[in-house]
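The values are calculated or read from the model by the stated rules, or taken from the named source; none is laboratory data. Since we're looking at a predicted model, the values are computed, not measured. All Cβ positions, glycine included, derive from the backbone under ideal geometry; neighbour counts span all protein chains shown. In case anyone asks, the SASA skips ligands and DNA or RNA and just uses the protein heavy atoms, side chains included. Shrake-Rupley method; radii C 1.70, N 1.55, O 1.52, S 1.80 Å.
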Amino acid sequence: MSVSTATTASRDETECHASFLTVEDLTVEYRVNSRSFRAVDGVSFGIDAGEIVGLLGESGCGKTTTALSALRLLPGTARVVSGRWYFRGRDLLNLTEAQLREVRGAEVSVIFQDSSGLNPVMRTGTQVIEVLRAHRNLSLQEARGRAQSIFESLGLIEFDRISNAYPHQLSGGQRQRIAIAQALICQPSLVIADEPTAHVDVDTAAEILTCMKNMREKHRVSFILISHDPETLAGLADRIIVMYAGQVVEQGPAKDVLSNPLHPYTQALLQCTLDQPAANRAIREKKRFSFIPGSTPDPFRILPGCRFSPRCAERMPICDSDPALVEHAGRQWVRCFKYEAD
Ligand SMILES: Nc1ncnc2c1ncn2[C@@H]1O[C@H](COP(=O)(O)OP(=O)(O)OP(=O)(O)O)[C@@H](O)[C@H]1O
Ligand SMILES: [Mg+2]
């Protein structure tokens, strides 16, 4: 990944962004066969310490690309065209590699989609303990003790067997919990959790979400919780940011977004949740199918105007121009002309 706007934040800029986390005007492109497209386009949001913010949207809307840009974990074909990730006053995108190594795992950690961050040829216990010992001055015995306690809090009770196993010797749910243990072991202040419950059974999912809740309550850990499923975010997220085709289309307190969705896209997404049992939704997501009629725009051919308008039942002539994200009723922000006159 390259960052084309690599300038050092001035003192004033740093002071302006002294809050916990502010993502500002993030735009990321991928290059495919010498053509580029914008997977993330002008995304901005903020998070307070101890807050759980849900990033919601259909497959391909840019959730993972947004998240992985924070720690420069995107593939070489990605380029951050513009944007900032101000974390505790520092722009993560401008840190040196050495500074970034100190931040990764210790202050900010990532739970990758599909537990793909695990090393296949290292025992799982070692992988978790190594993260801890890389950042904290602990004896092996102390580190093992901490690993055992985090394993147990995630429902991995046979510590010796599981920590001695290689990833392929464990079930998908167990692997996912190891990846979560690795992300949480240093008690970072921000965890980016990319679909942490997508491939586990209902009971495991509940254990994982409870563990995240406890981390927030006991240690004031903040989470960016990525999901395509509103039900996963309900009861856990404080705020929800809804993305569509690389843009934020709605954001606000979770209870407002879930009970009174404003954007026709959010409304359609929630309707799917009501209409379809969880098992059906999981199959749909696995196959990258949508229940909302129509399909997401071709990222190489983004036309002017509202990106959702070709699928929108409430489409108006004005939707051919670009809607701005506007505040509604002092609580929610929405990118839709229906609310521009408010
Ligand atoms: N390495 C890559 N090279 C080219 N395009 C990519 C790459 N990774 C993702 N994309 C594209 O960028 C867009 C955003 O993808 P991203 O993975 O961020 O979406 P997502 O919201 O996380 O989707 P999902 O719910 O399926 O995980 C999609 O159009 C996707 O096909
Ligand atoms: Mg993703």
Relative contact order of segment 163-286, pairs being alpha-carbon contacts under 8 Å that are 6 or more residues apart, as %: 18
For segment 56-108, the spread of Cα positions along each principal axis, largest first, Å: 33, 23, 19
Take every DSSP beta bridge whose two residues both sit in the chain, then give the antiparallel share in percent to the nearest 5. 60
Treating the angle as unsigned and between 0 and 90°, give the value, to the nearest 10°, between the Cα long axis of helix 140-153 and the longest Cα principal axis of the chain. 50
Checking a compactness column here: for the chain, what do you get for Rg(Cα) / (2.2 N^0.38 Å), N being the number of residues? 1.00
Per DSSP loop assignment and a cutoff of at most 15 other beta carbons within 10 Å, the chain keeps its longest run without exposed GluC sites (Glu not before Pro) at 1-157
Using a 1.4 angstrom probe on heavy atoms only, work out the carbon and sulfur share of the accessible area of the chain in %. 50
Considering only lysines 8 or more places apart in sequence, or on different chains, count the pairs in the chain whose C-alpha atoms sit under 28 Å apart. 11
What would the Debye equation give as log₁₀ I(q)/I(0) for segment 45-202 at q = 0.08, 0.13, 0.18 Å⁻¹, counting only Cα atoms as equal point scatterers? -0.24, -0.65, -1.20
Considering only C319, C186, C61, give the residue with the highest GNM mean-square fluctuation for the chain, with springs between Cα atoms whenever their separation is below 10 Å. C319
In the chain, which longest range has no chymotrypsin sites (Phe, Trp or Tyr not before Pro) that are both DSSP loop (not H, G, I, E or B) and surrounded by at most 16 other Cβ atoms within 10 Å? 1-288
Using only the Cα atoms of segment 194-280, build the gyration tensor, take square roots of its eigenvalues as a ≥ b ≥ c, and label the shape rounded, prolate or oblate: rounded if a/c is under 1.5, else prolate if a/b is larger than b/c, else oblate. oblate
Taking just the alpha carbons, could you work out the radius of gyration and Dmax for segment 139-219, both in angstroms? 12.3, 36
Value of relative contact order over the chain, rounded to a whole percent, pairs C-alpha under 8 Å and six or more apart: 20
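Suppose every K and R has +1 on its Cβ and every D and E has -1 on its Cβ; what is the size of the dipole of the chain about the Cα centre, in Debye to the nearest 20?
So the dipole magnitude of the chain works out to roughly 780 debye.
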I'd like to check one number: the per residue accessible area of the chain, probe 1.4 Å, reported in Å² as a whole number. 46
Could you tell me the distance between the Cα centroids of segment 16-72 and segment 117-168, to the nearest Å? 30
In degrees, nearest ten, helix 264-275 long axis to first principal axis of the chain (Cα): 60
Rounding to the nearest 20 debye, state how big the charge dipole of segment 47-176 is about its Cα centre with +1 on each Lys and Arg Cβ and -1 on each Asp and Glu Cβ. 320
List the trypsin sites (Lys or Arg not before Pro) in segment 191-225 that DSSP assigns to loop (not H, G, I, E or B) and whose Cβ has at most 10 other Cβ atoms within 10 Å. Which are they? none
Contour excess over end-to-end distance, with Cα ends at A206 and R331 and 0.36 nm allotted per residue: 42.1 nm
